[in-house]
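K.L.:
This structure is in structure tokens; I'll ask about it shortly.
The values are calculated or read from the model by the stated rules, or taken from the named source; none is laboratory data. The structure displayed is predicted, hence computed values, not measured ones. FYI the Cβ positions are ideal-geometry reconstructions off the backbone, even for glycines, and counts take in every protein chain you see.
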Amino acid sequence: MIPAQFDYVEATSVADAIRLLAEHGDEAKLLAGGHSLIPLMKLRLVTPATLIDVTHIKELSYIKEDGNNIVIGALTRHRDVELSELVKKHLPLVAHVAGEVGDPQVRNRGTIGGSLVHGDPAADLPAAALATGATMVVVGQNGERRIAAQDFFIDFLETAVQPGEILTAIEFPKHTNAGWAYEKFVRRAMDYAIVGVALQLGSQPGVALVNMSNKPHLAESASQAIAKGAAISDVLAVINNNTNPPEDLNATVEYRQHLARVLTQRAFATASK
Amino acid sequence: MSLVGARVLRKEDPNLITGNGQYVDDLQPAGCTSMVFVRSTEAHAKIRSIDTAEALALPGVLAVWTSANIAQLANCPGGLPGLDQPLLAKDVVRFVGEGVAVVVATDRYIAADAAELIVVDYEPLPAVASLSAAMAPGAVVLHEVLGGNTVHFQDFENPLDEVFAAAPRTASLHIVNNRCAPTPIEPNVCLADWGRSGLTLWAAFQAPHHLRNTIAQYFGIPQDSTRVVAPDVGGGFGAKINFVPEFFLTALLSKEIGKPVKYTQTRSECLVAMLHGRAQEHDASVAFDNDGRILALKLTVTQDQGAYPNGTGMGLPVLTTAMAAGCYRIPAVAISWRNVVTNTTPVAAYRGAGRPEASYTIERLIDLIADETGVDPVEVRRRNFIPVDAFPYATHSPLAMYDSGNFAGALDELLKHVNYEELKKEQEKRRQDPAAKLLGIGFASWLEIAGFGPPGSLEAFGHLASWESAQVRIQPDGSAIIFTGASPHGQGTVTTYAQIAADELGIDFDRISVKHGDTAVVPQGIGTMGSRAVAVGGEGVKTASGRVYENAKRIAAHLLEASAEDIVIEDEKFFVKGTPARSVPWSEVAWKSFQPLELPGGMEPGALDSTVFQQVPNFSFPSGAYCCVVEIDRETGAVNIVNMYLVDDCGTVINPLLVEGQVHGGVAQGIAQALYEHMLYDPSGVPRTSTLMDYLVPAASDLPGYITGRINTPNPSNTLGAKGVGESGSVGAPPAVVNAVVDALSHLGVKHIDMPVTPIKVWNILEGAK
């Protein structure tokens, strides 16, 4: 509840943030909304020597249309994504999932980029990014890299972002007028999902699972089956392929896999309406 | 117009909702320092050594103490002699969260950094983290002086074997009453300043005089220069009537370093160091006939006391067994209890303290009888209720002499709100439709013992006495200040007492203040716990106000040259009944009450001050009838409360808004126990629910709306007729919720599910039934 001592610096631009990352090295952490990082620091599970505050970089907070994509700046707050007319029209799944994160206080502080780079398998937004086929834009001293969502999440709380790099934007292909659903099973409204299923139908369908693996999980076999127009029973038969669900007080492996099937079926029913 | 019974807005709220409340942590006297604990990470271990050198060397650190620094000090008050908790663990730690060392530094960050530098070398011992482990043959013993882990065993006087053998039917349940962490929004916080003029301790506490008396005795210092202040307090739920090591450590450290020392518990510490509640297991049997009439009840309560048995904790099974029969006429009742120590956080009072456990078990048994006989659960209740003409009703327990009640009346009122027959049809229809959610309807006719109270009742828990003090002091302008020994921490006592006094004194509600929580200001006091603030303290306010009013009438009569018996009051004006044109205002009566020349013969200045130590002859017995309707998702096992109908009989209602608030809050905690909260330990004694991510306190969005109703059977033990309502919801809600869940699943042969009813438990049952 009382974090260890750390230094605090403010970055004024992306270039400035990259310079500060290089200067402070591995011991530095970027601070955006802070809603994942600060609790870990308060429990002293994470003790960065320096926090580089990027929240004042105005250029990273935006939502814009770019041809067939909607591009969202990494520092855009969940609440802004949730309420954006542009996102609601072209990426209704993403807008809805942003509105499912935590509670209103969290959504007014937390950022989409912060949630994605944290790489928590139990978080909502990584599943939306996977299901919609998003691309992450990462910038470092050597320039810009674009990483597909399915290559972005590496392991538990580990992403493809390398030391010295910063996630600047997320490009989402438009899914205008396509069916979608997000099913989240929780005991309390503001909890992390025990299991969640993000489903995007349409020309580029995808289904991703929350809290079913050591990392945010794209259900590849199921996504391919959906693309081929397979029957729901065939999708359900492969939805748990390659998952590695955790066991905790709320669920066993068996129960989680059962929930994944139930929620996928419900997601289909909702998305097909 | 009478203010008692009016929906008056709380006097407390403007400050609290604008962030202007003043809690202990808000206080920052000059030179204030900060204390931080090093707490045991082991459930049971010998302490080989504690290395404090690095911590002491950190700039800003003023003191580092281990048990070696306080070897001369007695153990923490409130425990049992020989089994009590040291202020800091001596050679052995007995639960995760026990204090091992403290650091004081110039600020809290430095203190926390220093605490992290302290190295404790533990030699782990086998731990017992459950009742069954603690009672197993060959189990490791926590306190050698006991020779085992049972602190006290009270056997049956008569186990009723013949009654059970001869009964047409019998049924039994083993029931676990899940351990809960009280989790008030404000954790334990205290601030000690021990200077030349004495010791002042600000503490988030429910009974400041009790703490003042204890801390003075502990240090051997006089009470006149020992002051305890409980300013705004953010909830307690019984957990803040326990003496905890931080009170004594901050005091002594303040004396040692010559500066104020503050301790603010972290949320994580609060879950393991603040005393827990419930943690009972019951073995319950009933004998009954084919019509569902109960012939006998037999109950054994096994109470988990945690690592250090506490006086209040030892009282829990006494209260549970006293109330074992609930609102039913049961010809033969046999009770037995056992107190057991385990390597877990000590257990003491938590909203309801022993009574929720009693009502839960008897109400589960009533539904079991209904299930066994096929008689409707509502009808089983009716057939066994103590009838209204049977009061006063002597129970099996000398503690519980029921003085009043109308249990059938509450159930009748409840059924006006619940469309029971329609719900039963709907339940049957849904059972036939595999796609439909299952419906369950659960009832609880609950009764509790409250209004602690009668002489001897609180003395048994170490308090000075069981009265409550009230002092009414009229100011020269005719406004009134009331000083109470009750110590509110969310109850709205400032408002309800002003309502009571306004009616008695004829003074405007807005010109009445209520002061509490400061031993230097309030003459004497006991505190707020056991739903006693209105039933005992409020009665005291009424008595004292009435005495002041009688003297005020005498002064008014003198000024009006009339007889006191003829004086009445309206709009703060005294006049002779029937002649309002000639009147004397309260302000003038008040002013002149301080002027000897204006007083009637024989009266002295100060006649409009009255102090009362209010006694009551008996406990109070709040009761009610609740109904919970749940839906169960057959695929996921999730339980959703569709409706919660609540009929309370708390006697006279002082303020309906506050009664509803208490019922809503109590029911929320009851639902929390039934569906969400469970303080769990792994077999080695490590808490598995040590953060609010795992220990699931529900929020408003997780709770249903409530439909509340009321009947009024006045409390015969005070003139207000009020019984208290603070604990009612937490007594009545758990059985209503669990009865509803079991009802929804009864067609599958389900007889009982232990709390909390989690989705995975229900899913496993549904899977097992396939």
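K.L.:
With the requirement that a residue be surrounded by 23 or more Cβ atoms within 10 Å (Cβ to Cβ) and either within 14 Å of another protein chain (Cβ to nearest Cβ) or hydrophobic (A, V, I, L, M, F, W, C) (or both), what does segment B:642-652 give you?
P.N.:
Listed by number, the residues that qualify are B:MET644, B:LEU646, B:VAL647, B:CYS650.
K.L.:
If you don't mind, another one. Give the residues of segment B:700-716 that are in contact with a Lys or Arg (Cβ under 9 Å, 6 or more places away or on another chain) and either modelled with pLDDT of 95 or more or more than 14 Å from chain A (Cβ to nearest Cβ) (or both), sorted by residue number. Give the steps one after another, and end with the answer.
P.N.:
Of segment B:700-716, the ones in contact with a Lys or Arg (Cβ under 9 Å, 6 or more places away or on another chain) are B:701-702, B:709, B:713-715.
Within segment B:700-716, B:ASP702, B:GLY709, B:THR713, B:PRO714, B:ASN715 qualify.
K.L.:
Next question. Is it the case that some residue within segment B:434-448 is surrounded by 15 or more Cβ atoms within 10 Å (Cβ to Cβ), assigned by TED's automatic domain parsing to the domain that holds B:GLY670 and part of a helix (DSSP H, G or I)?
P.N.:
For segment B:434-448, residues surrounded by 15 or more Cβ atoms within 10 Å (Cβ to Cβ), assigned by TED's automatic domain parsing to the domain that holds B:GLY670 and part of a helix (DSSP H, G or I): absent.
K.L.:
Scan segment A:233-250 residue by residue and report those that are more than 14 Å from chain B (Cβ to nearest Cβ), assigned to a loop (DSSP other than H, G, I, E, B) and in contact with a helix residue (DSSP H, G or I) (Cβ under 8 Å, 6 or more places away or on another chain).
P.N.:
A:ILE239, A:ASN240, A:ASN241, A:ASN242, A:THR243
K.L.:
Taking only pairs six or more apart or across chains, which ones have beta-carbon atoms under 9 Å, a first residue in segment A:1-25 that is within 14 Å of chain B (Cβ to nearest Cβ) and free of Cβ contacts under 8 Å to residues at least 12 places away in the same chain, and a second residue that is surrounded by 14 or more Cβ atoms within 10 Å (Cβ to Cβ) and assigned to a loop (DSSP other than H, G, I, E, B)?
P.N.:
A:GLN5/A:THR47; A:GLN5/A:ALA49
K.L.:
Somewhere in segment B:715-727, is a residue closer than 21 Å to A:ARG188 by Cα, hydrophobic (A, V, I, L, M, F, W, C) and assigned to a loop (DSSP other than H, G, I, E, B)?
P.N.:
no
K.L.:
Could you run through segment B:680-691 and say how many residues are at pLDDT 95 or above and more than 10 Å from every other protein chain (Cβ to nearest Cβ)?
P.N.:
Qualifying residue count for the region: 7.
K.L.:
Right, here's the next one. Spot the failing condition for A:ALA269; the list is (1) under 30 Å from B:PRO756 (Cα atoms); (2) within 13 Å of chain B (Cβ to nearest Cβ), and only one is missed.
P.N.:
(1)
K.L.:
Any idea how many residues of segment B:288-318 are in a strand (DSSP E or B) and either within 14 Å of another protein chain (Cβ to nearest Cβ) or surrounded by 24 or more Cβ atoms within 10 Å (Cβ to Cβ) (or both)?
P.N.:
Residues in segment B:288-318 being in a strand (DSSP E or B) and either within 14 Å of another protein chain (Cβ to nearest Cβ) or surrounded by 24 or more Cβ atoms within 10 Å (Cβ to Cβ) (or both): 9 in total.
K.L.:
Just the residues that are in contact with a helix residue (DSSP H, G or I) (Cβ under 8 Å, 6 or more places away or on another chain) and more than 12 Å from B:ILE474 (Cβ to Cβ), please, taken from segment B:542-557. Reasoning before the result, please.
P.N.:
Taking segment B:542-557 as the starting set, the residues that turn out to be in contact with a helix residue (DSSP H, G or I) (Cβ under 8 Å, 6 or more places away or on another chain) are B:542, B:545-546, B:548-557.
The answer is B:LYS542, B:GLY546, B:GLU550, B:LYS553, B:ARG554, B:ALA556, B:ALA557.
K.L.:
What residue, among those in segment A:105-126 that are of a type outside the set (Ser, Thr, Tyr) and more than 17 Å from A:ALA160 (Cβ to Cβ), is surrounded by the most Cβ atoms within 10 Å (Cβ to Cβ)?
P.N.:
A:ASP124
K.L.:
Could I ask something else about it? Quick one: which of A:LEU21, A:LEU31, A:LEU43 is surrounded by fewer than 19 Cβ atoms within 10 Å (Cβ to Cβ) and either of a type in the set (Gly, Ala, Ser) or outside the structural domain of A:GLN204 (by TED's automatic domain parsing) (or both)? Break it down stepwise before answering.
P.N.:
Numbers: A:LEU21 fails: surrounded by fewer than 19 Cβ atoms within 10 Å (Cβ to Cβ); A:LEU31 fails: surrounded by fewer than 19 Cβ atoms within 10 Å (Cβ to Cβ).
After applying the criteria, what remains is A:LEU43.
Each row is one residue, and each column tells you yes or no for (1) hydrophobic (A, V, I, L, M, F, W, C); (2) surrounded by fewer than 24 Cβ atoms within 10 Å (Cβ to Cβ); (3) in contact (Cβ under 8 Å) with a residue 60 or more places away in the chain; (4) closer than 21 Å to B:LEU160 by Cβ.
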{"residue": "B:MET323", "(1), (2), (3), (4)": "yes, no, yes, yes"}
{"residue": "B:ARG329", "(1), (2), (3), (4)": "no, yes, yes, yes"}
{"residue": "B:TRP337", "(1), (2), (3), (4)": "yes, yes, yes, yes"}
{"residue": "B:VAL341", "(1), (2), (3), (4)": "yes, no, yes, no"}
{"residue": "B:VAL347", "(1), (2), (3), (4)": "yes, no, yes, no"}
{"residue": "B:SER359", "(1), (2), (3), (4)": "no, no, yes, no"}
{"residue": "B:ILE362", "(1), (2), (3), (4)": "yes, no, yes, yes"}
{"residue": "B:ASP367", "(1), (2), (3), (4)": "no, no, yes, no"}
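K.L.:
Which condition breaks for B:THR543 when tested against (1) surrounded by fewer than 24 Cβ atoms within 10 Å (Cβ to Cβ); (2) more than 30 Å from B:LYS240 (Cα to Cα)?
P.N.:
Failing condition for B:THR543: (2).
K.L.:
Can you tell me which condition B:LYS255 does not meet? The list is (1) within 14 Å of chain A (Cβ to nearest Cβ); (2) assigned to a helix (DSSP H, G or I), and all the others hold.
P.N.:
Failing condition for B:LYS255: (1).
K.L.:
For the condition surrounded by 24 or more Cβ atoms within 10 Å (Cβ to Cβ) and among the aliphatic types (A, V, I, L, M), what is the one hit in B:ALA166, B:ALA239? It would help to see each step written out before you state the result.
P.N.:
Numbers: B:ALA166 fails: surrounded by 24 or more Cβ atoms within 10 Å (Cβ to Cβ).
B:ALA239 is the lone residue from the list that is surrounded by 24 or more Cβ atoms within 10 Å (Cβ to Cβ) and among the aliphatic types (A, V, I, L, M).
K.L.:
Report yes if some residue within segment B:557-576 is touching a residue at least 24 places away in the same chain (Cβ under 8 Å), within 21 Å of B:HIS463 (Cα to Cα) and in contact with a Leu (Cβ under 9 Å, 6 or more places away or on another chain); otherwise report no.
P.N.:
Looking through segment B:557-576, none of the residues is touching a residue at least 24 places away in the same chain (Cβ under 8 Å), within 21 Å of B:HIS463 (Cα to Cα) and in contact with a Leu (Cβ under 9 Å, 6 or more places away or on another chain).
K.L.:
Go through B:VAL119, B:VAL92 for me and flag whichever is within 26 Å of B:THR312 (Cβ to Cβ) and more than 14 Å from chain A (Cβ to nearest Cβ).
P.N.:
Values: B:VAL119 fails: within 26 Å of B:THR312 (Cβ to Cβ).
B:VAL92 is the lone residue from the list that is within 26 Å of B:THR312 (Cβ to Cβ) and more than 14 Å from chain A (Cβ to nearest Cβ).
K.L.:
So B:ALA460 fits all but one of (1) in a helix (DSSP H, G or I); (2) modelled with pLDDT of 95 or more; what number is the exception?
P.N.:
In the conditions (1) in a helix (DSSP H, G or I); (2) modelled with pLDDT of 95 or more, B:ALA460 misses (2) alone.
K.L.:
Still on this structure, please answer the following. Look at A:GLY179 and say whether it is within 14 Å of another protein chain (Cβ to nearest Cβ) and crowded, with 17+ Cβ neighbours inside 10 Å.
P.N.:
Here the answer is no, as A:GLY179 does not meet what is asked.
K.L.:
Scan the strands (runs of 3 or more DSSP E) fully inside segment B:492-598 and keep the ones with 1 or more residues being of a type in the set (Phe, Trp, Tyr) and modelled with pLDDT of 95 or more.
P.N.:
Because the criterion is at least 1 residues that are of a type in the set (Phe, Trp, Tyr) and modelled with pLDDT of 95 or more, the strands (runs of 3 or more DSSP E) in segment B:492-598 that meet it are B:573-576.
K.L.:
Let me ask you something else. Mind telling me which of the residues B:ASN158, B:ASN177 ends up being touching a residue at least 12 places away in the same chain (Cβ under 8 Å), in contact with a strand residue (DSSP E or B) (Cβ under 7 Å, 6 or more places away or on another chain), under 17 Å from B:VAL340 (Cα atoms) and of a type outside the set (A, V, I, L, M, F, W, C)?
P.N.:
The conditions single out B:ASN177.
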